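Structure first, then comments.
The values are calculated or read from the model by the stated rules, or taken from the named source; none is laboratory data. Keep in mind it's a predicted model, so treat the numbers as computed, not measured. Counting neighbours? That spans all protein chains shown, and the Cβs are built from the backbone with ideal geometry, glycine included.
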Amino acid sequence: MDSGVMAVGRRARLRGNPAVISHGLVAAAVTLLSVVAFVLPTYQAAAQETADASVTIVSPAFAETFPVGTVDVALVVEITGHDGHWQYLVDTPFGATGLGGGTDVASGALATLTGLSAGVHTVYVALVDDAGELLTPAVVTAATFLIGAELHEFAYNVPSGLSLFSAALAPYGLATADDAVRLTTAGGVMRASHLIRMGSTVVISLQGGVFQTAVGRDGHIRFGDDFDVQPGHGYVVNFLDPIDFTMLGTPHGVSVGETLAAPSADPGAWAFAVAGDVPDMDLLPAGSTMRVRNLDTGKTVPAVLTADGRFVASFVDPNRRAVVTDGDLVRFEFVADDGYVLGSRAERRLTVEDTRLASLAVSFSTRPAGARLLQNYPNPFNPETWIPFELDAAADVSVRVYGLAGELVRRIDLGSREAGYHVSRDAAAYWDGRNATGETVAGGVYLYELIAGDRRDVRRLVVLK
């Protein structure tokens, strides 16, 4: 991805040369950005669960700027519902539990941050007990401030549909007409969740040839993991309606070009995310992978499976050629580590709404559709082979090998087997190419049958000589 394609919007611009926000505008921006505090998720959830204790940083204010040469900054907090100790850390967040590990303040609401250097800093404040342990649940807040640095403003005008986005600044705040997002992580890190909160249905990172993907609905990530949005790098976003927002931050040294919606060069969508829930994932053999195939274009992409039973995959064409169009048939397949395409699969035909969202969310089970006998491997073989099979329910299982005249050659009793995919060499039926008396069978074609309870399935195999 060309790092010169940086901002998004028909009139994306830097205000000024670049626009250094005046003291009054900084104050106004801080007021606006304090409407909604976006703190680290763990801390935010904890604060919501603690009804009788809270802490707020009064000074330094968010995005407050101090002159070059400042080494000490007064820290003023406001605490309610807690009469004990509190701690602070500079540029290092607290853990979720345990000892705070910060500088302890036994009483009062004042402290001094010392030994500071020029640049951007974040101070973290946590309430602790007399032993220095974080309260349970933790009560933590943070504020970012600057020494000898200037805040700049960048205005985005983002059209609806797929666009290429890049952070024009190292950001410390984002503001729309209806919302404001405070970025309180050290260094002003922007996340995919911030773009989804503002209305993007998908955010796809284009770095390193590996597509990190977050799929959003109703302002929250529904599938995929949150990830950093690094200044100067390109990301795919998809807003359903045009949106204007402002970024506050500091320059990061990467030039920003004029931009730009990125409509598809062909009808359809040039970027598309597929994600969903996969119940019964524990039925899959160890090492199984998933792939998503567009049966109309022949394009196949791997999906990332997570331990919590979810997946996400992305089709992207950097040249903006359509990767999906309305009516395309998409198939979801699971593949064992030995290459077997497992019996559980699903298909979905894309709708106009799917391409408008540039993403598809599905849910389907990995449970096999029935008792199914798979092709033995290797085949042809000499002297041994493995016979894989699938079960949709637990059953007593046996495999029988017959000659073409119907005579029983070998019976292999496997006992009770659980539902799932018995395809690996450890789980499949094993035949050493011998009959019931231990003699090596003659070369030729044989039938083999799976018997699982009252269900049967038959295939052919070939013995080489």
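Being free of Cβ contacts under 8 Å to residues at least 60 places away in the same chain and either crowded, with 18+ Cβ neighbours inside 10 Å or assigned by TED's automatic domain parsing to the domain that holds Val76 (or both) is a property that Ala126 lacks.
So which residues in the range 340-353 are surrounded by 21 or more Cβ atoms within 10 Å (Cβ to Cβ) and either under 14 Å from Val330 (Cα atoms) or not assigned by TED's automatic domain parsing to the domain that holds Ser314 (or both), if there are any at all? Passing the criteria: only Leu350. Any residue in the range 337-358 that is acidic (Asp, Glu), within 30 Å of Thr385 (Cβ to Cβ) and part of a strand (DSSP E or B)? No, the range 337-358 contains no residue that is acidic (Asp, Glu), within 30 Å of Thr385 (Cβ to Cβ) and part of a strand (DSSP E or B). Taking only pairs six or more apart or across chains, which ones have beta-carbon atoms under 7 Å, a first residue in the range 321-350 that is free of Cβ contacts under 8 Å to residues at least 40 places away in the same chain and on the phi > 0 side of the Ramachandran plot, and a second residue that is crowded, with 18+ Cβ neighbours inside 10 Å and part of a loop (DSSP other than H, G, I, E, B)? Listed by first residue and then by second, the contacts come to Gly327/Leu350.
Cβ separations smaller than 6 Å between residues 6+ apart or across chains give the following pairs from the range 374-386 residues that are within 14 Å of Lys465 (Cα to Cα) to residues that are exposed (fewer than 14 other Cβ atoms within 10 Å of the Cβ): Pro380/Leu464; Asn382/Leu464; Glu384/Asp432. Going by the structure shown, is Leu391 loosely packed, with under 13 Cβ neighbours inside 10 Å, outside the structural domain of Ala346 (by TED's automatic domain parsing) and not charged (D, E, K, R)? It is false that Leu391 is loosely packed, with under 13 Cβ neighbours inside 10 Å, outside the structural domain of Ala346 (by TED's automatic domain parsing) and not charged (D, E, K, R).
Suppose the filter is assigned to a loop (DSSP other than H, G, I, E, B), on the phi < 0 side of the Ramachandran plot and exposed (fewer than 15 other Cβ atoms within 10 Å of the Cβ); does Pro383 pass it? Judged against the criteria, Pro383 is a match.
Among the conditions (1) in a strand (DSSP E or B); (2) over 30 Å from Gly199 (Cα atoms), the only one that Ser163 does not satisfy is (2).
For the range 409-455, residues that are exposed (fewer than 13 other Cβ atoms within 10 Å of the Cβ), touching a residue at least 24 places away in the same chain (Cβ under 8 Å) and either over 20 Å from Pro380 (Cα atoms) or acidic (Asp, Glu) (or both) total 4.
Residues considered: Gly108, Gly95, Gly148, Gly101. Of these, the only one that is surrounded by fewer than 18 Cβ atoms within 10 Å (Cβ to Cβ) and in contact with a Pro (Cβ under 8 Å, 6 or more places away or on another chain) is Gly148.
Can you give me the number of residues within the range 296-320 that are outside any strand (DSSP E or B) and without any contact (Cβ under 8 Å) to a residue 40 or more places away in the chain? Residues flagged as outside any strand (DSSP E or B) and without any contact (Cβ under 8 Å) to a residue 40 or more places away in the chain within the range 296-320 amount to 7. Would you confirm, using the coordinates I've provided, whether Ala149 is in contact with a strand residue (DSSP E or B) (Cβ under 7 Å, 6 or more places away or on another chain) and outside any strand (DSSP E or B)? Here the answer is yes, as Ala149 does meet what is asked.
Quick check on Gly108: is it assigned by TED's automatic domain parsing to the domain that holds Val73 and free of Cβ contacts under 8 Å to residues at least 24 places away in the same chain? Please lay out each step first, then the result.
Working: assigned by TED's automatic domain parsing to the domain that holds Val73: yes; free of Cβ contacts under 8 Å to residues at least 24 places away in the same chain: yes.
Yes; evaluated as a whole, the condition is true for this residue.
Filtered by the rule that a residue be assigned to a strand (DSSP E or B) and closer than 18 Å to Pro137 by Cβ, the range 90-113 gives a lone residue, Leu99. Could you tell me whether the range 214-231 includes any residue that is exposed (fewer than 15 other Cβ atoms within 10 Å of the Cβ), touching a Leu at 6+ places or on another chain (Cβ under 8 Å) and modelled with pLDDT of 85 or more? No; the residues of the range 214-231 include none that is exposed (fewer than 15 other Cβ atoms within 10 Å of the Cβ), touching a Leu at 6+ places or on another chain (Cβ under 8 Å) and modelled with pLDDT of 85 or more.
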